Amino acid sequence: MQKLYGQVIKELETRPELLTTITDLSVLTPPAELIQELLSAVFLPITANYMYGVSLPFTFHSVYASPRFKEELLKPGTSEIQFPDANSRQKLETEMKHFAYGLILKKYLGYNNPDSSRFIYSYPDNQSGLTHYMEMRMDGRFIDVHPAGEMPPLPPPVLLISIPTVL
Amino acid sequence: MTIDELVQQVPIEKFVFEGITVIRINDVTQQEVINLMKEKFLDENSFSDASVYAELETHIQTLIGLKGLSVGVTPFFKINNHYIYSDLHNANSILFRHLQSIAEKDEISDYCKLLFRDSNRPLLFDTLQEQVLNDVQCLQYYFREGARSLILCPLKQRNNLIGLLEISSPEAGQLLPLHISRIEAAIPLFTLGLEKSLEHLNYEVDKVIKKNLLPCSPPWNGSLQR
């Protein structure tokens, strides 16, 4: 591991701005190659033709996108995720809301919610004239949640029984 | 408590989410189309509702990966050993589209039953040529409807042919063996749809019989009358 990632870790240590909470995304631009190397641990290079990306939690703002993801899902010239139809954005917003509450309940009430969420959208293939269905899987293992200020009171778990485990 | 009540009681703005979301996207067209078709087939009128049928046709085109295919379903419903040809159920048949007389339909229905008597496998006619049109009697009707390449899938209930799923292309040589493998998961759904239609038809026939014939029957003198 040391041999494989030693150089990456060394380089990271020379950039303290990457070792704290990042609120200004522009700090990610200069070390783009380093970020790419880090992401290769998550996305294997052999999956170059696959669609994958990284976004800020529960937003439509991507911080990294594979070439195909960029081509099919990013608004040209921006890093905003956009869907071919308006309905899908609305459905994903609902899905994100459920997923976000799932993470809160999991962390603070020990609710048994999954680490990932899935969402299906349709994609018109202009070449064949047919519709494709794509599954977007959002992995929440790299997301941490904490109260913005004072911890708001959460309802007692007994009241949450009617909310399905998979929110 | 519902999720909406939770949202009201604990606004999401009271929390901060840090980190990243890793997103992976996969093409799940085949599974999703089968799921959508299952939903449609749960509706007992799937074969008589034109809009539902149009959707099913689109789904088959998506599964095969070719636009411009025609999809038909020809039922061979039998009640009391007689074929029943209902406009409602035959509206989506390619085979029966231009057959007017009941005798012709009976003959071709019997022929299809014979054709698939010993086989449950779909038949592929990649190109409808003169030779094959002469050899297989029913193919001329598809040819007249513009089919130049054809897949016929037998829909069987307890080894009895109750219908045919017909997939036709206007282009010779367009349909290939690989297309059969793409639709195999959908064939049992069409069988299920036909079974439900047949069940519904039986129920309707029963209802008509009871309505029209029972008043002539001798009065019931048991406890029911009381």
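Run down A:Ala41, A:Ala32 and say which single residue is within 16 Å of the chain's Cα centre (by Cα), surrounded by fewer than 15 Cβ atoms within 10 Å (Cβ to Cβ) and of a type in the set (Gly, Ala, Ser). Before the answer, list the steps.
Values: A:Ala32 fails: within 16 Å of the chain's Cα centre (by Cα).
From the options A:Ala41, A:Ala32, the qualifying one is A:Ala41.
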(Q) Just to check your reading of the model, which residue among A:Leu73, A:Leu56, A:Leu109, A:Leu103 is in contact with an Asp or Glu (Cβ under 9 Å, 6 or more places away or on another chain) and of a type outside the set (Ser, Thr, Tyr)? (A) A:Leu103
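For every residue, the table says whether it meets (1) assigned to a strand (DSSP E or B); (2) within 11 Å of the chain's Cα centre (by Cα).
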{"position": "B:Arg24", "(1), (2)": "yes, no"}
{"position": "B:Val33", "(1), (2)": "no, no"}
{"position": "B:Val52", "(1), (2)": "no, yes"}
{"position": "B:Lys67", "(1), (2)": "no, no"}
{"position": "B:Asn92", "(1), (2)": "no, yes"}
{"position": "B:Leu95", "(1), (2)": "no, no"}
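Within segment A:71-78, can one find any residue that is among the charged types (D, E, K, R), farther than 21 Å from A:Asp125 by Cα, surrounded by 13 or more Cβ atoms within 10 Å (Cβ to Cβ) and within 12 Å of chain B (Cβ to nearest Cβ)? Spell out the reasoning first.
First, pick out the residues of segment A:71-78 that are among the charged types (D, E, K, R): A:71-72, A:75.
Cutting the leftovers down to farther than 21 Å from A:Asp125 by Cα gives us none.
No.
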Q. Going through segment A:80-129 one residue at a time, which ones are among the polar types (S, T, N, Q), outside any strand (DSSP E or B) and either within 11 Å of chain B (Cβ to nearest Cβ) or under 22 Å from A:Arg141 (Cβ atoms) (or both)?
A. A:Thr94, A:Asn112, A:Asn113, A:Gln127, A:Ser128
Q.
I'm trying to understand the selection: among the residues of segment B:57-111, which are surrounded by fewer than 17 Cβ atoms within 10 Å (Cβ to Cβ), β-branched (Val, Ile, Thr) and touching a helix residue (DSSP H, G or I) at 6+ places or on another chain (Cβ under 7 Å)?
A. B:Ile79, B:Ile84
(Q) Let me confirm something: among B:Ile25, B:Ile20, which residue is of a type in the set (A, V, I, L, M), facing chain A (nearest Cβ under 7 Å) and in contact with a Lys or Arg (Cβ under 8 Å, 6 or more places away or on another chain)? (A) B:Ile25
**Q.** Unmet criterion (only one of (1) in contact with a helix residue (DSSP H, G or I) (Cβ under 9 Å, 6 or more places away or on another chain); (2) without any contact (Cβ under 8 Å) to a residue 40 or more places away in the chain; (3) more than 24 Å from B:Lys196 (Cα to Cα)) for B:Cys153
**A.** (3)
Q: Look at A:Ser128 and say whether it is of a type in the set (Ser, Thr, Tyr) and more than 17 Å from A:Thr59 (Cα to Cα).
A: yes
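Filter segment B:101-158 down to residues that are assigned to a loop (DSSP other than H, G, I, E, B) and among the polar types (S, T, N, Q) and give me whichever is modelled with the highest pLDDT.
So in segment B:101-158, the residues assigned to a loop (DSSP other than H, G, I, E, B) come out as B:101, B:116-122, B:126-129, B:136-138, B:145-148, B:158.
Filter again for among the polar types (S, T, N, Q), leaving B:101, B:119-120, B:127, B:129, B:137.
Working: B:Ser101: 87, B:Ser119: 92, B:Asn120: 92, B:Thr127: 96, B:Gln129: 92, B:Gln137: 89.
Residue satisfying both the conditions and the ranking: B:Thr127.
The values are calculated or read from the model by the stated rules, or taken from the named source; none is laboratory data. What you see is a predicted model, and the numbers here were worked out from it, not measured in a lab. Ideal geometry is used to build each Cβ from the backbone, glycine not excepted, and the neighbour counts take in all protein chains shown.
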